[in-house]
Amino acid sequence: MKKKMGLVLAALLAITSVTAGCSSSSSSGTTTPQGQQQAAPQATAEKPAVEQKIIYALSKEPEEMDPTLNVYARSSIVLQNLFRGLYKIDESGKKPVPSLAESYELDSTGTKYTFKLNKNAKWSDGKPVTAQDFEYSWKRVLNPDVASGAAFYLYYLKNGKAYNEKKASADDVGVKAVDESTLEVTLESPTPYFLELLCVTAYYPVRKDAVEKEGWTKSPETYLTTGPFVLSELKPKEKYVLKKNPNYLEADKVKLDTLEIVFIESSEAELAAYTNDEIQVSDNMTPEGMKRFENTPEFFSVPRIGMQYFDFNASKKPFDDAKVRKAFSMAINREQIIKSIVQSVEKPAFGFVPYGIPDGVQKDKEYRDVAGNMFTENVDEAKKLLAEAGYPDGQGIPEITMIVMASQSDKDIAQALQSMWKQNLGVNVNIETFESKVYWDEIDNGSFNIASDGWTGDYPDPMTNLDIFESVNASDDIRWSNPEYDRLLDENRKISDQAKRMENYAKAEKILADEMPLMPLRFYEDQFLAKPNVKGVLKNYIGHTIFEYAHVE
């Protein structure tokens, strides 16, 4: 999801064509070891039924509860449990399968889909889900007056981008309700990962009569959903209580009655809550938690197509100079930060597309392995570049402020970088911390020189990790643009020649490496804990924790 996921995400990626690897305890990213479906014990007369309730912790409240506006991964975790779209990720966490859609047909051009909705699909109030709901919702995402940050997700629709840029009308957009149960979708060009895109929250439906009520997301009484759970209780800064949705299309398969999401900002406090059995699922891991649980059946680790990186504000000195940006990126030791500070098994990032995405030509290999590293660490070269930019040994360089969120892990990483830049470049970097919502305002306002950031992709193609740096998306963070970079990605949206597409992606990555508007740090791998009697918790490839298939033994 969008960069605004923060750095305490509990998400991952496990799609067949996307997965980078397997959990040491679960190959599918669920709480059943080895990816096997484990049957619940047969109930006996002597044993009372176990309460089907799971308490799960998030570091903070969701930033956005309207799917059509959402670009936040933390919000998506909640929304993915409340809503379903045409497609969803299956129980294995490996592929998209029909959800509210029953079937689809694709024409010979590869650009026109005709979806048939399941006639049993209902809103949480029992009213039918219609094709008109999808047409309304998708056009709402693209409506320039709504100004949704998620609009770029729907640029694949015919005239989607043009409408969002006020160069076309809503009627020109390639989505049309033919009747109550038939949705016609026309794309700009063939998109082999379109079904995966349909699993992103931006493609979920919202109902017009609900959305038009002011503050509809603030009350369980006005909040209508289409997924396995409904919002039952909303206590700001404390918890959200979700209950099983009896009107969900597959309600008979949902075993949980209650999912309680509590908000625990400190990862240390979350570990204590897990240890004291106050929560049953935890994915805000601490180094202490890793050490304590890594070799137990309660620990799971799954790669995802995401990356932590640091934005350079290219509109401000000294980072308006690519040489300075490259110097800062080359002068750190990523492996040391990962092993000593993060204390994880993640890989250092020497490119901009993470592991887990297949190469378009050599499909048995990952794109990252085929493309290779795009840059290296080299302190001597970094010093040389900084001197060429006019700041030998850091002399004369303007004051530099790095901003991060207030979590201990973010501060620890920032301090490690601060020390490395001081030691290797002779540069002093100030650190400022902010709470989540204020933090993203600081980035949007450009009130930084360096800022911690992150991204998790949404579908099995390098585009998902590269389009966020296009001019249209990068204007409010790195303040950088490159016409050739934009051209390469735009061309890849219009062609199906995979060899040419992979070549273009590598060229685009090389542009990022040469100009370094951001500093890749590490490719994400998610660790989470689940109590031994909690089964079926899924970490899906979009990067969210899903409880649709979970139950308590």
Inset, instruction - Select from segment 316-363 the residues that are surrounded by fewer than 22 Cβ atoms within 10 Å (Cβ to Cβ) and of a type in the set (Ser, Thr, Tyr) and write down the one among them that is nearest to ILE450 (Cα to Cα). - result: SER340
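Among the hydrophobic types (A, V, I, L, M, F, W, C) and on the phi > 0 side of the Ramachandran plot: does that describe MET502?
So MET502 does not fit the description; no.
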Legend entry - segment 312-369, residues that are more than 30 Å from ARG501 (Cβ to Cβ) and of a type in the set (Gly, Ala, Ser): SER315, ALA327, ALA331, SER340, SER344
Inset, instruction - Among the numbered conditions (1) buried (at least 22 other Cβ atoms within 10 Å of the Cβ); (2) touching a strand residue (DSSP E or B) at 6+ places or on another chain (Cβ under 6 Å); (3) at pLDDT below 95, tell me where ASP90 comes up short. - result: (1)
Inset, instruction - Starting from residues that are out of contact with any strand residue (DSSP E or B) (no Cβ under 6 Å at 6 or more places or on another chain) and surrounded by 24 or more Cβ atoms within 10 Å (Cβ to Cβ), keep the ones in segment 526-544 and report whichever is nearest to ALA251 (Cα to Cα). - result: HIS544
Inset, instruction - Keeping to segment 369-417, report how many residues are in contact with a strand residue (DSSP E or B) (Cβ under 9 Å, 6 or more places away or on another chain) and over 18 Å from LEU518 (Cβ atoms). - result: 5
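Consider THR182 carefully, then state whether it is surrounded by fewer than 16 Cβ atoms within 10 Å (Cβ to Cβ), in contact (Cβ under 8 Å) with a residue 24 or more places away in the chain and β-branched (Val, Ile, Thr). Break it down into steps so the answer makes sense when it comes.
Values: surrounded by fewer than 16 Cβ atoms within 10 Å (Cβ to Cβ): yes; in contact (Cβ under 8 Å) with a residue 24 or more places away in the chain: yes; β-branched (Val, Ile, Thr): yes.
It is true that THR182 is surrounded by fewer than 16 Cβ atoms within 10 Å (Cβ to Cβ), in contact (Cβ under 8 Å) with a residue 24 or more places away in the chain and β-branched (Val, Ile, Thr).
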Inset, instruction - Could you grab me the full set of residues in segment 488-526 that are modelled with pLDDT of 95 or more and among the hydroxyl-bearing types (Ser, Thr, Tyr)? - result: TYR505
Inset, instruction - Note down all Cβ pairs under 9 Å where the first residue falls in segment 430-445 and is among the polar types (S, T, N, Q) and modelled with pLDDT under 95, the second is surrounded by 18 or more Cβ atoms within 10 Å (Cβ to Cβ) and part of a helix (DSSP H, G or I), and they're at least six residues apart or on different chains. - result: SER436/LYS4; SER436/ARG74
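Condition (residue is closer than 22 Å to GLN415 by Cβ and exposed (fewer than 15 other Cβ atoms within 10 Å of the Cβ)) applied to segment 289-303: is it met by at least one residue?
yes
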Inset, instruction - Look at HIS551 and say whether it is crowded, with 24+ Cβ neighbours inside 10 Å and under 21 Å from TYR248 (Cβ atoms). - result: no
Inset, instruction - Give the residues of segment 444-474 that are exposed (fewer than 15 other Cβ atoms within 10 Å of the Cβ) and either touching a strand residue (DSSP E or B) at 6+ places or on another chain (Cβ under 7 Å) or not in a loop (DSSP other than H, G, I, E, B) (or both), sorted by residue number. - result: ASP444, SER471
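Does LEU512 satisfy the criteria of being without any contact (Cβ under 8 Å) to a residue 40 or more places away in the chain, surrounded by 15 or more Cβ atoms within 10 Å (Cβ to Cβ) and either part of a strand (DSSP E or B) or of a type in the set (A, V, I, L, M, F, W, C) (or both)?
Values: without any contact (Cβ under 8 Å) to a residue 40 or more places away in the chain: no; surrounded by 15 or more Cβ atoms within 10 Å (Cβ to Cβ): yes; either part of a strand (DSSP E or B) or of a type in the set (A, V, I, L, M, F, W, C) (or both): yes.
So LEU512 does not fit the description; no.
Okay, residues lined up against (1) surrounded by 16 or more Cβ atoms within 10 Å (Cβ to Cβ); (2) within 26 Å of THR545 (Cβ to Cβ); (3) over 23 Å from the mean Cα position of the chain (by Cα); (4) among the aliphatic types (A, V, I, L, M):
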{"residue": "ARG140", "(1), (2), (3), (4)": "yes, no, no, no"}
{"residue": "ALA150", "(1), (2), (3), (4)": "yes, yes, no, yes"}
{"residue": "CYS199", "(1), (2), (3), (4)": "yes, yes, no, no"}
{"residue": "TYR204", "(1), (2), (3), (4)": "yes, yes, no, no"}
Inset, instruction - Within segment 268-295, count every residue that is under 15 Å from GLN527 (Cβ atoms) and modelled with pLDDT of 95 or more. - result: 5
Inset, instruction - Can you confirm whether segment 82-96 contains a residue that is under 14 Å from PHE194 (Cα atoms) and without any contact (Cβ under 8 Å) to a residue 40 or more places away in the chain? - result: no
Inset, instruction - With respect to GLU399, determine if the residue is closer than 30 Å to ASP526 by Cα, of a type in the set (D, E, K, R) and free of Cβ contacts under 8 Å to residues at least 60 places away in the same chain. - result: no
Legend entry - Count - residues of segment 369-411 that are assigned to a loop (DSSP other than H, G, I, E, B), touching an Asp or Glu at 6+ places or on another chain (Cβ under 6 Å) and either more than 28 Å from SER447 (Cβ to Cβ) or of a type in the set (D, E, K, R) (or both): 1
Inset, instruction - For GLY372, state whether it is more than 22 Å from ASP453 (Cβ to Cβ) and either surrounded by fewer than 20 Cβ atoms within 10 Å (Cβ to Cβ) or under 33 Å from the mean Cα position of the chain (by Cα) (or both). - result: yes
Inset, instruction - Kindly indicate whether any position in segment 299-314 is modelled with pLDDT under 95 and more than 20 Å from the chain's Cα centre (by Cα). - result: yes
Inset, instruction - Take segment 338-360 and flag every residue that is over 16 Å from GLU509 (Cβ atoms), of a type in the set (A, V, I, L, M) and assigned to a loop (DSSP other than H, G, I, E, B). - result: VAL345
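Results for (1) free of Cβ contacts under 8 Å to residues at least 60 places away in the same chain; (2) within 14 Å of LEU187 (Cα to Cα); (3) surrounded by 19 or more Cβ atoms within 10 Å (Cβ to Cβ); (4) more than 26 Å from the chain's Cα centre (by Cα), shown as yes or no for each residue.
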| position | (1), (2), (3), (4) |
| --- | --- |
| VAL129 | no, no, yes, yes |
| GLN132 | yes, no, no, yes |
| ALA147 | yes, no, no, no |
| ASN164 | yes, no, yes, no |
| SER169 | yes, no, no, yes |
Inset, instruction - From (1) out of contact with any Ser or Thr (no Cβ under 8 Å at 6 or more places or on another chain); (2) surrounded by fewer than 23 Cβ atoms within 10 Å (Cβ to Cβ); (3) among the charged types (D, E, K, R), pick out the condition that doesn't hold for ASP477. - result: (2)
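The values are calculated or read from the model by the stated rules, or taken from the named source; none is laboratory data. In this text the structure is predicted, and so the values were computed from the model without any measurement. We place every Cβ from the backbone using ideal geometry, glycine too, and count neighbours over all the protein chains shown.
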